[in-house]
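Asks: To start, I am sharing the structure in question, which I have written as C-alpha cells.
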Amino acid sequence: MNKRRQDRMAVEIKRSISRILQEDIKDPRIDFSTVSITRVDVSNDLGHARVNFSILAEEQRQEEIMRALQKAKGHIRSELAREFAVRHFPELEFRLDKSIEHGIRISTLLQELSDNKSEKGNDE
C-alpha cells in the first residue's frame with residue numbers, strides 16, 4: 001500500500017473520530033470533551049487502524065471512558081465506513097496514550113524544581 005495513502009487515511013480517520021466523539025456519541029455517563037485523539041496508525045493493507053487517545057481525568061474515569069469507547073467501537077466504525085463510502089473499513093483498536101499525562105507530570109516536576117531553586121537563591 002502506498003505510504004502516502006495510509007498517512008492521508010490516518011489523518012482523515014483521526015479527524016472523523018474526533019467529530020463523531022463530540023457530536024454523535026450520546027452516552028450520558030461520559031464526557032467526551034476530555035478525550036483527545038492523539039494518533040491513528042493504519043496498517044499496510046488498510047485492515048486495521050490503531051487509534052491512540054488520551055483522557056484528562058482520574059484513573060477511574062479513564063476506565064469508564066475506555067469501556068464506553070469499546071462499547072461504541074462498532075457504531076464508530078460504521079459511521080466512518082458510511083462517511084468514507086467504503087465497503088470494508090479498517091478494524092478499530094483503541095489504545096490509551098498516557099504521553100500527555102506524562103508530559104504534564106514532567107512539567108510540574110520541573111516547575112517545582114525551578115521554584116525550589118529560586119527560593120534557595122532568595123534565602124542566601
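Values quoted throughout were computed directly from the atomic coordinates according to the rules given, and no laboratory measurement underlies them. For clarity, every value in this text was computed on a predicted model and none was experimentally measured. Cβ sites come from the backbone with ideal geometry, for glycine too, and all protein chains shown count toward neighbours.
Asks: Quick one: how many residues across segment 69-124 are basic (Lys, Arg) and either part of a loop (DSSP other than H, G, I, E, B) or farther than 25 Å from residue 58 by Cβ (or both)?
Replies: As a first pass, look at segment 69-124 and keep what is basic (Lys, Arg): 71, 73, 77, 82, 87, 95, 98, 105, 117, 120.
Then drop every residue that is not either part of a loop (DSSP other than H, G, I, E, B) or farther than 25 Å from residue 58 by Cβ (or both), which leaves 77, 82, 87, 98, 117, 120.
Residues meeting the conditions: 6.
Asks: Evaluate segment 104-113: report whether one residue or more is in contact (Cβ under 8 Å) with a residue 24 or more places away in the chain, surrounded by fewer than 13 Cβ atoms within 10 Å (Cβ to Cβ) and not aromatic (Phe, Trp, Tyr).
Replies: First, the residues of segment 104-113 that are in contact (Cβ under 8 Å) with a residue 24 or more places away in the chain: none.
Among the residues of segment 104-113, not one is in contact (Cβ under 8 Å) with a residue 24 or more places away in the chain, surrounded by fewer than 13 Cβ atoms within 10 Å (Cβ to Cβ) and not aromatic (Phe, Trp, Tyr), which makes the answer no.
Asks: Let me ask you something else. In segment 20-40, what count of residues is obtained for those that are without any contact (Cβ under 8 Å) to a residue 12 or more places away in the chain and over 17 Å from residue 54 (Cα atoms)?
Replies: Looking only at that region, the number is 3.
Asks: Given (1) in contact with a Pro (Cβ under 6 Å, 6 or more places away or on another chain); (2) in contact (Cβ under 8 Å) with a residue 60 or more places away in the chain, where does residue 17 come up short, assuming only one miss?
Replies: It is condition (1) that residue 17 fails.
Asks: For residues that are touching a strand residue (DSSP E or B) at 6+ places or on another chain (Cβ under 8 Å) and surrounded by fewer than 16 Cβ atoms within 10 Å (Cβ to Cβ), scanning just segment 64-83, find the one that is farthest from residue 2 (Cα to Cα).
Replies: 70
Asks: Scan 100, 65, 55 and give me the residue that is in contact (Cβ under 8 Å) with a residue 12 or more places away in the chain and in contact with a helix residue (DSSP H, G or I) (Cβ under 6 Å, 6 or more places away or on another chain). Don't jump to the end; show me each part of the working.
Replies: Details: 100 fails: in contact with a helix residue (DSSP H, G or I) (Cβ under 6 Å, 6 or more places away or on another chain); 65 fails: in contact with a helix residue (DSSP H, G or I) (Cβ under 6 Å, 6 or more places away or on another chain).
Answer to the check: 55.
Asks: Let me ask something else about it. Give the residues of segment 25-63 that are exposed (fewer than 13 other Cβ atoms within 10 Å of the Cβ) and more than 15 Å from the chain's Cα centre (by Cα), sorted by residue number.
Replies: Passing the criteria: 26, 28, 29, 44, 45, 47, 58, 59, 60.
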